[in-house]
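Asker: Here's a structure for you.
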Amino acid sequence: MASMSTWTTFQPILERIAEEIERTPGSGRPADYIPALAACDPRRFGMAVAEPDGTVYGVGDWREPFSVQSITKVFTLALDLSREGGALWEHVGREPSGNPFNSLVQLEYENGIPRNPFINAGALVVTDRLHTRTGDAAGELLAFLRAESGNPDLTYDEEVAASEAAHGDRNAALGHFMASYGNIDNPVPVLLEQYFRQCSVAASCADLALATGFLARHGVRADGTRLLSRSQAKQVNAVMLTCGTYDAAGEFAYRVGLPGKSGVGGGIIAVVPGHCTLCVWSPGLDERGNSVAGVAALDRFATLTGLSVF
Ligand code: GLU
């Protein structure tokens, strides 16, 4: 294994990983719960690494926008935490759920308090609270992603947003169910509109590696202002490590050893605190909803560079 000190830039590592991935027969299937995602070619692959100073390296389809989906949950969590601080944790927990991302069963046992901010129920609570504080949760998210990535063209994919709404019965059920416990402030249809717009944001690996940079910089934004305290940045990274890859977070921690968050669009972001941030994209998903090539690429990155939190 070559250690990181062997390399002066991440570029050769990314190229080696891309070659290895290309040689591996494609597996996994794109998400099929909405037509807009099912149409993606599962063989697409891109990967980017951003350093804390904004230097970014990439390979393959790293500049191609894809559907960010649940990766947005990291950013809405950070944006809400920065406003309301620890009071958020009275409304959403921070333990792995062990259940699928859109499960309803646990919510009833646990009185409408979702296990963590990265399952859909928890993300709905976070978006609801951010919406109450800003009047436009999805707009706040988009402005943040544009500013951190330096890409003013980053935007919602209206087709995906409409498709999410048309197939949103389960998220609607989660919203109404939590509202019945008093854990949602806004009218559920308003919340759902915000959440579907949030999920529909399209961004590239380069955009997302850069936008995640504040978590490598211990809470500091690209312009040098502070979004989160050092302790809050640690909290977000910790929840990503334990809950960020659906009900496969244990396996992801075992293989990759980094805080990460995946989405059903096939993207995964990961953080090496103090060192760099990564985003990988390939739409073929495993049965848990994580990108097959994405997890494999991050696994190789951790092995080749020796970078992990462990
Ligand atoms: N829009 C998706 C949903 O709420 C997000 C799924 C995901 O990426 O986990 O069903």
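Asker: What number of residues within segment 211-241 are over 13 Å from the mean Cα position of the chain (by Cα) and either open to solvent by 10 Å² or more (accessible area, probe 1.4 Å) or hydrophobic (A, V, I, L, M, F, W, C) (or both)?
Answerer: Matching residues across segment 211-241 total 21.
Asker: Which of the residues that make up segment 270-296 are buried (at least 24 other Cβ atoms within 10 Å of the Cβ), under 24 Å from Arg221 (Cα atoms) and among the small types (Gly, Ala, Ser)?
Answerer: The one that is buried (at least 24 other Cβ atoms within 10 Å of the Cβ), under 24 Å from Arg221 (Cα atoms) and among the small types (Gly, Ala, Ser): Ala270.
Asker: Given the conditions (1) within 22 Å of Asn237 (Cα to Cα); (2) touching an Asp or Glu at 6+ places or on another chain (Cβ under 9 Å), report the number of the one that Gly122 does not fulfil.
Answerer: Condition (2) is where Gly122 drops out.
One line per residue, one yes/no per condition, for (1) assigned to a helix (DSSP H, G or I); (2) within 16 Å of the ligand (Cβ to nearest atom); (3) over 22 Å from Ala78 (Cα atoms):
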{"residue": "Glu140", "(1), (2), (3)": "yes, no, no"}
{"residue": "Arg146", "(1), (2), (3)": "yes, no, no"}
{"residue": "Glu159", "(1), (2), (3)": "yes, yes, yes"}
{"residue": "Ala165", "(1), (2), (3)": "yes, yes, yes"}
{"residue": "Asn171", "(1), (2), (3)": "yes, yes, no"}
{"residue": "His176", "(1), (2), (3)": "yes, yes, yes"}
{"residue": "Gly182", "(1), (2), (3)": "no, no, yes"}
{"residue": "Asn186", "(1), (2), (3)": "no, no, no"}
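Asker: Are any residues in segment 189-203 among the hydrophobic types (A, V, I, L, M, F, W, C), over 28 Å from Gly46 (Cα atoms) and either open to solvent by 10 Å² or more (accessible area, probe 1.4 Å) or away from the ligand (no atom under 16 Å from the Cβ) (or both), and if so, which ones? Break it down into steps so the answer makes sense when it comes.
Answerer: First, pick out the residues of segment 189-203 that are among the hydrophobic types (A, V, I, L, M, F, W, C): 190-192, 196, 199, 201-203.
Right, trim to over 28 Å from Gly46 (Cα atoms) and you get 190-192.
Once the filter is applied, which keeps residues that are among the hydrophobic types (A, V, I, L, M, F, W, C), over 28 Å from Gly46 (Cα atoms) and either open to solvent by 10 Å² or more (accessible area, probe 1.4 Å) or away from the ligand (no atom under 16 Å from the Cβ) (or both), segment 189-203 yields Val190, Leu192.
Asker: While we're looking at this one, here's another question. Take residues that are surrounded by 15 or more Cβ atoms within 10 Å (Cβ to Cβ) and within 15 Å of the ligand (Cβ to nearest atom) and tell me which of the helices (runs of 4 or more DSSP H) falling wholly in segment 1-97 contain 3 or more. I'd like the intermediate steps shown before the answer.
Answerer: Working: elements: 11-23, 35-38, 72-84.
Once the helices (runs of 4 or more DSSP H) in segment 1-97 are filtered for at least 3 residues that are surrounded by 15 or more Cβ atoms within 10 Å (Cβ to Cβ) and within 15 Å of the ligand (Cβ to nearest atom), what remains is 72-84.
Asker: For the list (1) open to solvent by 20 Å² or more (accessible area, probe 1.4 Å); (2) more than 16 Å from the ligand (Cβ to nearest atom); (3) small (Gly, Ala, Ser); (4) under 21 Å from Gly265 (Cα atoms), I need the number of the one condition that Ala206 fails.
Answerer: For Ala206, the failing item is (1).
Asker: Pick out the one residue from Gly294, Gly213 that is farther than 18 Å from Ala18 by Cβ and among the small types (Gly, Ala, Ser).
Answerer: On the way: Gly294 fails: farther than 18 Å from Ala18 by Cβ.
One residue alone meets the criteria, Gly213.
Asker: Here is a follow-up. If the requirement is being free of Cβ contacts under 8 Å to residues at least 40 places away in the same chain, within 20 Å of Leu79 (Cβ to Cβ), open to solvent by less than 40 Å² (accessible area, probe 1.4 Å) and within 15 Å of the ligand (Cβ to nearest atom), which of these qualifies: Gly260, Gly267, Gly244? Let's see the steps before the verdict.
Answerer: Values: Gly267 fails: free of Cβ contacts under 8 Å to residues at least 40 places away in the same chain; Gly244 fails: free of Cβ contacts under 8 Å to residues at least 40 places away in the same chain.
Within the list Gly260, Gly267, Gly244, the selection yields Gly260.
The values are calculated or read from the model by the stated rules, or taken from the named source; none is laboratory data. The model shown is predicted, which means the values in this text are computed figures rather than measured ones. Heads up, the Cβs are rebuilt from the backbone with ideal geometry, glycines too, and the neighbour counts pull from every protein chain shown. For accessibility, only protein heavy atoms count, side chains too; no ligands or nucleic acids. Shrake-Rupley method; radii C 1.70, N 1.55, O 1.52, S 1.80 Å.
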